[in-house]
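Q: Questions regarding the structure given below will be posed in turn.
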Amino acid sequence: MNYTVEEKESFMREALKEAEIALEHDEIPIGCVIVKDGEIIGRGHNAREELQRAVMHAEIMAIENANLSEESWRLLDCTLFVTIEPCVMCSGAIGLARIPNVVYGAKNQKFGAAGSLYDILTDERLNHRVEVETGVLESECAAIIQDFFRNRRKK
Ligand SMILES: [Zn+2]
């Protein structure tokens, strides 16, 4: 992954814009973009409420989007940027799509499968291993989700 800090932050900002879309639908604000050769080829946000689909996490939507634009299930040479650490399902999907690089903003201590609860992306028993970087725009990525839960508790 050869992106500069500025480039990584700007892609993470795009992922945050996707999280804002989820927020408009009053759902957990998580966003994702998939980048190839410096271009965004897939975007996604959590759309469980919007689409009433249990598996429609930000990463799944972005992978489906990128598969369509690439006309390929393999997302080689791509980097996936997501605001929050991927869950078990999404970490599995990242492997299935052969995505080699993942950058996420904030950890998810309750559901994270890329270092917190499990370490699916780097588990040596699996044949696909992913280079993972964390902490890009961490406070912004964590804040949007913390605000969401704080507001929801108030309601
Ligand atoms: Zn997920």
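Q: If I ask for residues that are in a loop (DSSP other than H, G, I, E, B) and in contact with an Asp or Glu (Cβ under 7 Å, 6 or more places away or on another chain), which ones from segment 38-63 would you list?
A: If the condition is that a residue be in a loop (DSSP other than H, G, I, E, B) and in contact with an Asp or Glu (Cβ under 7 Å, 6 or more places away or on another chain), then N46 is the only one that fits.
Q: Hey, another quick one. Hey, can you tell me all the residues within segment 79-103 that are within 11 Å of the ligand (Cβ to nearest atom), surrounded by 15 or more Cβ atoms within 10 Å (Cβ to Cβ) and not in a loop (DSSP other than H, G, I, E, B)?
A: Selection gives V82, I84, M89, C90, S91, G92, A93, I94.
Q: Further question: Within segment 120-130, which residues are touching a Ser or Thr at 6+ places or on another chain (Cβ under 9 Å), open to solvent by less than 40 Å² (accessible area, probe 1.4 Å) and assigned to a loop (DSSP other than H, G, I, E, B)?
A: Answer for segment 120-130, where residues must be touching a Ser or Thr at 6+ places or on another chain (Cβ under 9 Å), open to solvent by less than 40 Å² (accessible area, probe 1.4 Å) and assigned to a loop (DSSP other than H, G, I, E, B): just V130.
Quick grid of which residues meet (1) open to solvent by 80 Å² or more (accessible area, probe 1.4 Å); (2) in contact with a strand residue (DSSP E or B) (Cβ under 7 Å, 6 or more places away or on another chain); (3) within 22 Å of S10 (Cα to Cα); (4) more than 11 Å from the ligand (Cβ to nearest atom):
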| site | (1), (2), (3), (4) |
| --- | --- |
| H45 | no, yes, yes, yes |
| E50 | no, no, no, yes |
| D77 | yes, yes, yes, yes |
| K110 | yes, no, no, yes |
| Y118 | yes, no, no, yes |
| V132 | no, yes, yes, yes |
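Q: Then there's this: Name the pairs whose Cβ atoms lie under 8 Å apart, with the first residue in segment 7-26 and farther than 16 Å from F148 by Cα, the second open to solvent by less than 50 Å² (accessible area, probe 1.4 Å) and among the hydroxyl-bearing types (S, T, Y), and 6 or more positions between them or separate chains?
A: As it stands, the answer is F11/Y3; F11/T79; M12/T83; A15/T83, since those pairs meet every condition given.
Q: Quick one: W73 ticks every box in (1) open to solvent by less than 40 Å² (accessible area, probe 1.4 Å); (2) under 15 Å from I41 (Cβ atoms) except a single one, so which number is it?
A: So W73 meets the others, but not (1).
Q: Just wondering, is there one or more residues in segment 93-113 that are in contact (Cβ under 8 Å) with a residue 60 or more places away in the chain, among the polar types (S, T, N, Q) and over 23 Å from H25 (Cα atoms)?
A: yes
Q: How many residues, within segment 9-40, are open to solvent by less than 30 Å² (accessible area, probe 1.4 Å) and away from the ligand (no atom under 14 Å from the Cβ)?
A: Residues of segment 9-40 that are open to solvent by less than 30 Å² (accessible area, probe 1.4 Å), as a first pass: 11-12, 15-16, 18-19, 22, 27, 29, 31-35.
If we keep only those that are away from the ligand (no atom under 14 Å from the Cβ) as well, we get 11-12, 16, 33-35.
Summing the residues that are open to solvent by less than 30 Å² (accessible area, probe 1.4 Å) and away from the ligand (no atom under 14 Å from the Cβ) in segment 9-40 gives 6.
The values are calculated or read from the model by the stated rules, or taken from the named source; none is laboratory data. Just so you know, these numbers come straight off a predicted model, no measurement behind them. Positions of Cβ are backbone-derived with ideal geometry, glycine not excepted, and every protein chain shown enters the neighbour counts. Only protein heavy atoms, including side chains, enter the accessible area calculation; ligands, DNA and RNA are left aside. Shrake-Rupley method; radii C 1.70, N 1.55, O 1.52, S 1.80 Å.
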